[in-house]
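This structure is in structure tokens; I'll ask about it shortly.
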Amino acid sequence: MSKIGKKTISLPKDSSIKIEGGNLIVTGPKGSKTLTINDKIFSAKIGENNEFHLNPLKKPVDKNTSIMWGTYRSIVNNAVLGVTKGHEKILELSGVGFRANLKGDTLNLQLGFSHDINYKIPKEIKITVEKQTIIKINGVDKEIVSKIAADIKSLKPVEPYKAKGIKEKNQYVLRKEGKKK
């Protein structure tokens, strides 16, 4: 049995889930998201007190079904959180002369290279720049928000000697000692 899959998902008052066969349409104040669930393995229903239940059709549950049960439940829970509150990642630029600016639908980054780096922002994501060194990435889909944060971080990874580069807020950087004379 999956410990995570057994948990119910309580839906906030302003969000709802519509079940159409193997498709789930999650709607909320921030937007809507469509998910697909294998309806040959799982059954989805909305119970009393506005709670969403995901249960396997076959009993006893084998190991692969148990793994997928927890995964599907987490994906649905992330979609519910995304359409109600939204997902956010905060990136920090640390280094002399490292700056970020928004120019329309592109993020302009000055990262110590001989040229500026322009990153095209997708339509479903909202990026704001505060104090030229803090980038906030907001969106409904957790997977896309995390993917964009990882793409931006990979442009200039944090180096271990002076901790220069792009890192997430509260990310711990393992520092190394420099050369000794």
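The values are calculated or read from the model by the stated rules, or taken from the named source; none is laboratory data. Please read these numbers as outputs of a predicted model, since none were measured by experiment. Quick reminder, even Gly has a Cβ in these numbers, built from the backbone with ideal geometry, and neighbours come from all protein chains shown.
State the number of residues belonging to region 120-170 that are in a loop (DSSP other than H, G, I, E, B), closer than 30 Å to Thr27 by Cβ and β-branched (Val, Ile, Thr). Give the derivation first.
Of all residues in region 120-170, those in a loop (DSSP other than H, G, I, E, B) come to 121-124, 131-133, 140-141, 156-164, 169-170.
Okay, now just the ones that are also closer than 30 Å to Thr27 by Cβ, so 121-124, 140-141, 169.
Going one step further and asking which of them are β-branched (Val, Ile, Thr), we end up with 121, 140.
Total meeting the criteria: 2.
Next up: Under 8 Å between Cβ atoms, which residue pairs at least 6 apart in sequence (or on different chains) link something in region 96-116 that is among the aromatic types (Phe, Trp, Tyr) with a partner that is modelled with pLDDT under 85 and surrounded by 11 or more Cβ atoms within 10 Å (Cβ to Cβ)?
Close Cβ pairs satisfying both conditions: Phe98/Gly112.
Also: If you take the residues in region 125-142 that are surrounded by 13 or more Cβ atoms within 10 Å (Cβ to Cβ) and charged (D, E, K, R), which one is nearest to Lys167 (Cα to Cα)?
Lys136
A follow-up question, please. Would you tally the residues in region 78-123 being touching a strand residue (DSSP E or B) at 6+ places or on another chain (Cβ under 7 Å), exposed (fewer than 15 other Cβ atoms within 10 Å of the Cβ) and among the basic types (Lys, Arg)?
So the count comes out to 1.
Taking strands (runs of 3 or more DSSP E) that do not extend beyond region 1-116, which have at least 2 residues that are under 30 Å from Lys156 (Cβ atoms) and modelled with pLDDT of 80 or more?
Strands (runs of 3 or more DSSP E) meeting the threshold: 87-94, 99-103, 106-110.
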